[in-house]
Amino acid sequence: MTRPERDYLARDPTWWEERAGAAWIASGLLRRIALFHTVTKPFCVKYWQHGLGWKFELCYEHGVSVDHDALIDHLTHPRWGMALQVKRDFCACKPCDCDGGAERSCWFRLDPGLGHGEVAVHFRRTRVGYRTSDVYERLVAAGAQPAWLEQALPAQHGRTADQTTPTAARPPRAPAVLA
């Protein structure tokens with residue numbers, strides 16, 4: 001923080017009070033983080049703090065179902081979910097290739113009713129032909145389970161199913177013999 005920012009916050013504690021009042025949102029999301037890859041199958045989940053709230057981006061391979069309603073329902077379930085009001089800002093995930101397989105997106109906001117601290121969730125399905133081979137290789141190298149990879153990146157998994165062993169774990173190749 002710059003000196004003017006620190007001075008401002010020292011004079012006006014409102015931001016600190018609002019931040020403390022919204023801490024339950026981060027805690028609740030952290031306790032439910034497994035839902036982001038078990039209820040739905042994105043190959044990548046990115047998140048960051050935005051002011052007093054959070055933003056999530058879930059990326060799906062083209063052809064994988066973007067079941068945003070199931071994830072939102074689990075996050076906001078009346079009994080074990082978070083007390084958040086759902087607002088659908090934009091949804092264009094119709095299951096057709098009438099647009100040549102263009103990228104599709106849906107945006108939701110989960111509002112805690114505090115006037116701050118909302119959670120924005122962006123569901124993004126990649127366009128046809130989007131290159132996921134690098135992502136797939138990084139996930140394999142990190143130890144991702146083949147069954148999950150088959151669900152999250154089925155097109156890539158089908159192409160490289162015989163190459164799912166990380167390079168370091170593969171047997172060494174025989175040296176080439178030069179004649």
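The values are calculated or read from the model by the stated rules, or taken from the named source; none is laboratory data. Keep in mind that this is a model prediction, so the values were computed, not measured. FYI the Cβ positions are ideal-geometry reconstructions off the backbone, even for glycines, and counts take in every protein chain you see. Remember, those area values only see protein heavy atoms, side chains included, never the ligands or the DNA or RNA. Shrake-Rupley method; radii C 1.70, N 1.55, O 1.52, S 1.80 Å.
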- request: Multiply the residue gap between Asp89 and Ser27 by 0.36 nm, knock off their C-alpha separation, and tell me the result in nm, one decimal place.
  value: 19.9 nm
message: Restricting to DSSP H runs of at least four residues, report the calculated mean residue ellipticity at 222 nm for the chain, -39500 (n - 2.57) per run over all residues, nearest 500 deg cm²/dmol.
response: -9000 deg cm²/dmol
message: Between Ala147 and Asp99, what is 0.36 nm times their sequence separation minus the Cα-Cα distance? Round to one decimal in nm.
response: 14.2 nm
query: Counting only protein heavy atoms, what percent of the accessible surface of the stretch 1-92 is carbon or sulfur at a 1.4 Å probe?
result: 56 percent
statement: Here the relative contact order (percent) of the stretch 1-146, from C-alpha pairs under 8 Å and at least 6 apart, is 22 percent
field: Qualifying trypsin sites (Lys or Arg not before Pro) for the stretch 1-88 [loop in DSSP, other Cβ within 10 Å: at most 13]
entry: Arg79
field: Where the chain is the region considered: accessible area per residue in Å², 1.4 Å probe
entry: 63 Å²
message: Full-extension gain between Asp67 and Asp134, please, as 0.36 nm times their residue separation minus the C-alpha to C-alpha distance.
response: 21.7 nm
- prompt: Can you give the accessible area of Asp69 in Å² (nearest 10), computed on protein heavy atoms with a 1.4 Å probe?
  reply: 70 Å²
